[in-house]
Each structure stands twice: as structure tokens, then as C-alpha cells.
Amino acid sequence: MSYRPVLTGRALGQFNDFIKDHEEAYEAFMRRLLWLIDAPWDAWLVYPGGDEPEFRESQFGEHGLISFRVYDDAELLVISTSCGLADPVPLENRILSRSKIGIR
């Protein structure tokens, strides 16, 4: 089953920036998105412990993280953020802090 991606809020604006100004990030984002529509459950849990397994994140190259929610019944991936290029906190710091709590 393939899921249909939907960009919302901040992710939509960031996606437009990727298209205009960051070709390499755009390509990495699209490669990851094409992978996620077939395998959303292989992405990282946002909340370890299993309380809300539908909230997921996945890294796209060295450019950032895609945060999304999986709606199984509707076969949707609702993408809320794509952190990275324009974020005030460098990607390396977010990955480091994630690894400190046991997420890779």
C-alpha cells in the first residue's frame, strides 16, 4: 500500500523554499518522501515508548528531518515540518540531542 503525502503548515512553506533556493535539499526531501510513502512505519518514533506511534520522523540526507503523522485508515502521511535549512538550531545539535535519549 502506498500512502498519499500531504504538506501542511510550516512544511509547505519550507518545501517552497527548497524548490526555489535549495535544489540539493529538495532532491533529498523528494527521495525520502518517495521512500516514506511505501514504508512510513520504518521511520523513527517521535515519542519513544509507544504512546503515539503514528507520529514519526525521518532524516533526508544531511539537510534535515521530516516530521509527519501516519493516518492508516485514510492512507495519508500528513507532513507538519521539514526541519533543517532555515532552523535556528543546527541539525547536528538536534541529532545529538536525539541520540542522547536513545533514538538513532
- prompt: What number goes with the only condition from (1) surrounded by fewer than 18 Cβ atoms within 10 Å (Cβ to Cβ); (2) without any contact (Cβ under 8 Å) to a residue 40 or more places away in the chain; (3) within 14 Å of ALA11 (Cβ to Cβ) that SER80 does not pass?
  reply: (2)
Which numbered condition ASP38 misses (of (1) within 13 Å of the chain's Cα centre (by Cα); (2) modelled with pLDDT of 80 or more; (3) of a type outside the set (S, T, N, Q)): (1)
- request: Kindly establish whether ASP17 is of a type in the set (D, E, K, R) and in a helix (DSSP H, G or I).
  value: yes
Top-ranked residue of region 48-77 - restricted to ones that are within 16 Å of MET1 (Cα to Cα) and among the hydrophobic types (A, V, I, L, M, F, W, C), ranked as surrounded by the most Cβ atoms within 10 Å (Cβ to Cβ): LEU77
statement: In region 20-47, residues that are more than 15 Å from LEU7 (Cβ to Cβ) and either among the polar types (S, T, N, Q) or not in a helix (DSSP H, G or I) (or both) total 8
query: What are the residues in region 54-81 that are at pLDDT 90 or above and assigned to a loop (DSSP other than H, G, I, E, B), if any?
result: GLU54, ASP72, ASP73, ALA74, GLU75
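The values are calculated or read from the model by the stated rules, or taken from the named source; none is laboratory data. Predicted model, so just to flag it, every value in this text is computed and none were measured. All Cβ positions, even for glycine, are placed from backbone atoms using ideal geometry, and neighbour counts span all protein chains on display.
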